[in-house]
Amino acid sequence: MSQRDVRLAGSRSVLVELPDLDSVLGLSALLRSSPLPGQLDVLAAASTVFIKADCAANAQAIAKTVRTLELGSSAAATGSLITVPVHYDGEDLAEVARLTSLSPEAVINAHSQQIWRAAFGGFAPGFAYLRGENQLLNVPRRATPRKAVPAGAVALAGEYSAVYPRQSPGGWQLIGRTDAVLWDLERENPALIRPQDRVQFIPSRAALTVTPSPAAEPAPDTERPASSAAQLEILDPGLQSLIQDAGRPGLGDLGVSTAGWADAISAAQANRLVGNRPGAAVIENLLGTLTLRARGDAVLAVSGASATVDITPVPGDDFHEARQIPMDTPFALLDGETLTLSGAGAGLRSYLGVRGGLDIPQVLGSRSSDSMSGIGPSPLRAGQLLPVGRVDGLQVVGNPEPSPLPVPDEHGVFTLRITPGPRDDWFDAPGLARLTGQLWKASADSNRVGVRLELGQDDARPLQRVREGELASEGVALGSLQVPPSGLPVLFLADHPVTGGYPVIAAVLDEDLSAAAQLPPGALIRFKLTPHPGTRTTVKEPRA
């Protein structure tokens, strides 16, 4: 009789560990065909199923329910049959032949004469882990990963095969290449191979050309609303300015992260102040450095990281004077006037909301920019014109509000509350005690993917594992504290990868994620442990 281990992962996610891949596929198929209340996303991996929920209460309910579900098997004929022509001339074909004691021709036959099944996605948009019908081609990864594997490379690692959708680092054994485009935003379904699909590789003698990865340009948005006449002209984007909204949840199985704004509280405030609906697209700006001009009258507000907000009138305008606007307050920017943000010290990311939102095309249902996958609009550039959306209905402009920025204690230390796990048992009680008992510092290498942590005091020490070996890649939650071999955690933010291969010792509470996104380099951090309302439980599977 097999066992099932159910663990809460952060405030709104559940990690289910299962004894084998067949059980993983069975649970994944069950949850997709009959979603549980509040279920947002399901991500299968080699031995786990990761479930994202819309709130903490539903995550706890899912954790209880999934313990009692009777698992069947995922039908072998589900999904589509995808044929992929392959030119078998990979750099590692001879090495794979040596490792398997087969001839190169036998390797090609073994690869092309079986049906591969897309077990799960991850790593990158369009990357699918394909499981074969036998173990003839079970080979280890390369001892030294390549810095760049070309798009279209057909590869093997362990019991899986895969096709690289875009150029990226990789340690798999390369046996061939294909012209098939694995990821294309112009298609109705961007991923050529989706979980549960079946794949047949067809040897091709025709000369193939390397197809570059499709550019992450916005696809036409057929549901784009009519725009108002107003536009914002970017004169200077500053250090980094991105378009962000609530993101694109539910695509984790395709390797696509949710992305969206890093500080949801400040972004929501900017939208609320200008009378927008909560999901309207805003500008996320790094360190309050931005200059733009209004083309047409607009109503704006700036929230988040402190900035000096200066307005310069049109040259020759004798009726309006230069003025300075307080933060967290709606204001009018008249046609031709220039808005300049200058960083004022506190916080890291400022959010500029405009009444009507930014009316740019959606990509996969969102206007957000994802720095990890390259999906969505590119960073703003000088000379770019951003159309302002039409205001529908009676939406009231808000009143000035207090700043939502986190406030450090009298010693300049920011406190972030965390819940343990799902892999705190890789560090045991001493690991959690060290995590919470010493100060950490935000590194200058941090970005929207995550806050890289350094030791924050002289007697601080890195975290140490109490287990040997490596963890198979599995789903990870926003706010996870993933610990690489260095022992220095990385706090995952909006653009984090959907899967990770390092153990997650704890996760920051949802309520504190906005504060985490505002921590500048050098900020001192203390983690405060808050137990989960639920407890981890290992249960016996029901008999078939």
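The values are calculated or read from the model by the stated rules, or taken from the named source; none is laboratory data. Just so it is clear, the structure is predicted and the values come from calculations on it, not from any experiment. Counting neighbours? That spans all protein chains shown, and the Cβs are built from the backbone with ideal geometry, glycine included. SASA here: full protein model, heavy atoms, side chains in, ligands and nucleic acids out. Shrake-Rupley method; radii C 1.70, N 1.55, O 1.52, S 1.80 Å.
If r is the Cβ-Cβ distance from ASN189 to GLU91 and R0 is 25 Å, what FRET efficiency results, to the nearest 0.05?
0.20
Keeping the other protein chains in place, figure out the carbon and sulfur percent of the accessible area of segment 5-68, with a 1.4 Å probe.
Within segment 5-68, the accessible surface is 53 percent carbon and sulfur.
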Dipole magnitude of segment 81-203 about its Cα centre, charges +1 at Lys/Arg Cβ and -1 at Asp/Glu Cβ only, in debye to the nearest 20? 340
Quick one: angle between helix 264-274 and the longest Cα principal axis of the chain, in degrees between 0 and 90, rounded to 10, please. 40
Can you pull the percent of segment 81-203's accessible area that's carbon plus sulfur, 1.4 Å probe, other chains left in place? 51
Counting only the heavy atoms of the protein chains, how much of LYS441 is accessible to a 1.4 Å probe, in Å² to the nearest 10? 70
If every alpha-carbon in segment 16-104 counts as one equal scatterer, what log10 I(q)/I(0) does Debye give at q = 0.10, 0.13, 0.14, 0.21 1/Å? -0.43, -0.61, -0.65, -0.97
Carbon/sulfur fraction of accessible area - segment 317-471, other protein chains in place, 1.4 Å, %: 50
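Rounded to the nearest whole Å², what accessible area per residue is found for segment 357-509 with the 1.4 Å probe?
43
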Rounded to the nearest 500, what is the chain's calculated 222 nm mean residue ellipticity when only DSSP H runs of at least 4 contribute -39500 (n - 2.57) each, over all residues? -3500 deg cm²/dmol
Hull volume per residue for segment 413-529, using the convex hull of the C-alpha atoms, in Å³ is 90
Using alpha-carbon coordinates, inclination of helix 21-33 to the longest axis of the chain, degrees: 50
Per residue, how many Å² of accessible area does segment 5-68 show with a 1.4 Å probe? 33
Relative to the longest principal Cα axis of the chain, at what angle does helix 56-66 sit, 0 to 90 degrees, rounded to 10? 10
A chain fully extended from LYS147 to GLN395 at 0.36 nm per residue, minus the present Cα-Cα distance, gains in nm 84.2 nm
Per residue value of the accessible surface for segment 81-203 (all protein chains in place, 1.4 Å probe), Å²: 42
